[in-house]
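The values are calculated or read from the model by the stated rules, or taken from the named source; none is laboratory data. Quick caveat: nothing in here was measured; it's all calculated off a predicted structure. Cβ placement follows ideal geometry from the backbone for every residue including glycine, while neighbour counts extend to all protein chains displayed.
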Amino acid sequence: MMCRIGQQPEPQDAGGGRTSDAVFAALLEDSAEELYEFAPCGYLSTLMDGTIAKINRTLLDWLGLEREAVVGRMRFTDLLTVGGKLYHETHFAPLLRMRGEISGIALEIKQADGGRIPVLASSAVKHGSTGEPLLIRTTLFDARDRRAYEAELLRGRKAAEEARKRAEADRARLQEALAVLQQSLLPDSLPTVPGVEAAAYYHTASPDRLGGDFYDVFPVDGKRFAFFLGDVCGKGPEAAALTSLTRYTLRAAALHDPDPVAALTTLNKVLHERYAGSGDPRYCTAVFGTIEPDAATGEAAIHLASGGHPPVLVLRADGTAGYLPTPGGLLVGVLPDARFATAGTTLAPGDTLLLYTDGLTEARVGEDRTSLYGDDGLLRFATGHAGRSPHALIRALTGLLDGFGDGLDDDTALLALGVPTSSSLSSATRSH
Amino acid sequence: MDVVRRNNVTVTGNPHGPVVVLAHGFGCDQNMWRLTVPALARDHRIVLFDYVGSGRSEPSAFSEERYGTLDGYARDVVEVCEALDLRDAVFVGHSVSAMIGVLAADAAPERIGALVMVAPSPRYIDDDGYRGGFTARDIDELLESLESNYLGWSSAMAPVIMGNPDRPELGEELENSFCATDPEMARVFARTTFLSDSRDDLKKVRVPTLVLECTDDVIAPREVGAFVHDAIAGSTLVTLEATGHCPHLSAPDATNAAITRFLAALR
């Protein structure tokens, strides 16, 4: 509803007929004075100090006051609640003074019977011919419905804010639980292998999701240590369950028979039995091997088998590097009887064996992040670091992974086993 | 952080004159001194600023912990004085800022040499044998008023206040919204202001002090002006023929005359 004084409607159509003539006649009866007194909003004129000089009937009715009690006796702020008075003094009045007008401010007026009416107040200063302020005109709109609606909005906003805080707390708790669970899928630290240096690194792509990469190193008998590294299909809780099953199956199988093909065959049977008929077929790729240091020669013999996993890299002390091919090995857990590819090598002092998951080779690189880092990229990098110790190699690779930034969107596991060049004690730690 | 930027510090007036710091109260910003600056500019170097959380101060500098006490605001004053290396400045504080000035002068006596307290109140809520003019319930009502004038702010004003150096077209809009304040920060300032009790701090004042009160102030009634005057030994009380809590806006001539007289007597 517009709220203006002295505007008279213009006839739209001279030939509008008898009915509209009657309507206009009735409207013309609505004098400016009547419009002022009974307008559907409150009108108020005050002196510059706030003393009320003129007030309309509508507002007097809202207030439950008589004109004589108000005009010349009360100030605008006297009509307001105390909170409204404070707001008026600290915000409304200063702004009105400086800008000459102010609009749409939410205030509450007090009624004689103790009730309150929320209003939206707008004021404008009338200036004299020389620019001096003369009086303040104020319009008050009944804002009961609107304020109820706004209160709803504010309540909604507060509820949303609380829900957001709760969700954040829940998320933090979940991430904490996931981190603990993730840790349980990986060894706390690598064991000390006499005559061998071992280092590992695990990159988690998303703190929200459990990853599906795994690795481990553990003793199997007096002479040998077993090691494995792999990648289960998928992510999240189901993948984590599969990872857990895989890790403990390989450890148990290796204690029974540390032959690499035997260990992977046992794993294949277990996974196939567990998942083939479940309607949710799941599998993994893995490299399983044994390392047997020879104190007499200072070398270590490697025997390994691969089930569908990318070939391991051997970095030699002389500065060369090459893949140790394991072609034709099948994914572990897909078929009831699987064939696995075997390979072997001997690590001399200064040589290092590197196992990795495809998060590394499938990192997206280049300006537009469209090309993959790839086997060739990794081979070049490895050649550049051949002759370095396993720890130095893992540190360099960690730097490489960090450099991929958001081009690295998958979990990545790295495991390096090497024979130290000097007689220095081998250490076994895992970097994070 | 750069304090000058953080507190939106403006320096104007006579660069060789004695320094006057003008500090706004709760509800607006340094624009409140628009009618005061011209009267003092010829003979004084004038320093204006916005408290963090008000006007065009740096929003990221706000913390509820610091600005939940008047001491936090007093630190703003001291830090502005230090940033400009002010000495013996006259601190003119409106409303709650008058009390903030008392705290700042106590914390950094070498920086502040005199106080002008415009419509001060050391405690707004009534207490045994003390009439501040308000009850605790009244203050809750003010906080509600702030809340109900919240909706219009956040959508329209936030981008302007948050600073948009890349969008100069917002400047004009800013002209119309200079007293807009982030409601969350205003709420903290309101709570800190109206729940404060600085009556004991008045006794610490050791500098020449002018107390300006209004004949008809809803927020700081005359009893409060008398209380402040009594508590500060040697202070001068001037009662301005003015209605409301902002005599520097409603009665600028009388206010400026009183301040100018006080400044002249300091020389």
Practice problem: Quickly run through region A:360-410 and pick out the residues that are polar (S, T, N, Q) and in contact with a Phe, Trp or Tyr (Cβ under 6 Å, 6 or more places away or on another chain). | Solution: A:361, A:398
Quiz item: Pick from B:190, B:242, B:231, B:254: which is within 14 Å of chain A (Cβ to nearest Cβ), touching a residue at least 40 places away in the same chain (Cβ under 8 Å) and of a type in the set (Gly, Ala, Ser)?
Solution: B:190
Exercise. Kindly indicate whether any position in region A:80-89 is in contact with a Phe, Trp or Tyr (Cβ under 6 Å, 6 or more places away or on another chain), within 30 Å of residue B:120 (Cβ to Cβ), of a type in the set (A, V, I, L, M, F, W, C) and not assigned by TED's automatic domain parsing to the domain that holds residue A:207.
Key: no
Quiz item: Got at least one residue in region A:290-300 being in contact with a helix residue (DSSP H, G or I) (Cβ under 6 Å, 6 or more places away or on another chain) and in contact (Cβ under 8 Å) with a residue 12 or more places away in the chain?
Solution: no
Quiz item: Of the residues B:27, B:17, which single one is touching an Asp or Glu at 6+ places or on another chain (Cβ under 9 Å), assigned to a loop (DSSP other than H, G, I, E, B) and closer than 23 Å to residue B:208 by Cα?
Solution: B:17
Self-check item: Sole exception among (1) at pLDDT below 95; (2) basic (Lys, Arg); (3) surrounded by fewer than 22 Cβ atoms within 10 Å (Cβ to Cβ) for residue A:282, by number
Solution: (3)
Quiz prompt | Residue tally, condition in a helix (DSSP H, G or I) and within 14 Å of chain A (Cβ to nearest Cβ), over region B:209-223 | solution = 0
Quiz prompt | Of all residues making up region B:15-32, the number that are touching a strand residue (DSSP E or B) at 6+ places or on another chain (Cβ under 7 Å), of a type outside the set (A, V, I, L, M, F, W, C) and within 10 Å of chain A (Cβ to nearest Cβ) | solution = 2
Self-check item: Qualifying positions in region A:194-220 - surrounded by fewer than 21 Cβ atoms within 10 Å (Cβ to Cβ) and in contact with a Phe, Trp or Tyr (Cβ under 7 Å, 6 or more places away or on another chain)
Solution: A:218, A:219
Quiz item: Given the structure, is residue B:154 buried (at least 20 other Cβ atoms within 10 Å of the Cβ), out of contact with any Cys (no Cβ under 9 Å at 6 or more places or on another chain), at pLDDT below 85 and under 19 Å from residue B:53 (Cβ atoms)?
Solution: no
Quiz item: Are any of the residues in region A:137-147 closer than 30 Å to residue A:44 by Cα, away from every other protein chain (no Cβ under 14 Å) and among the aliphatic types (A, V, I, L, M)?
Solution: yes
Quiz item: Considering only region B:87-120, how many residues are within 16 Å of residue B:234 (Cβ to Cβ), in a strand (DSSP E or B) and of a type in the set (Val, Ile, Thr)?
Solution: 3
Exercise. Kindly establish whether residue A:181 is closer than 23 Å to residue A:310 by Cβ, part of a helix (DSSP H, G or I) and either basic (Lys, Arg) or in contact with a helix residue (DSSP H, G or I) (Cβ under 8 Å, 6 or more places away or on another chain) (or both).
Key: no
Exercise. Scan region A:61-89 for residues that are facing chain B (nearest Cβ under 7 Å) and not in a loop (DSSP other than H, G, I, E, B) and report the count.
Key: 8
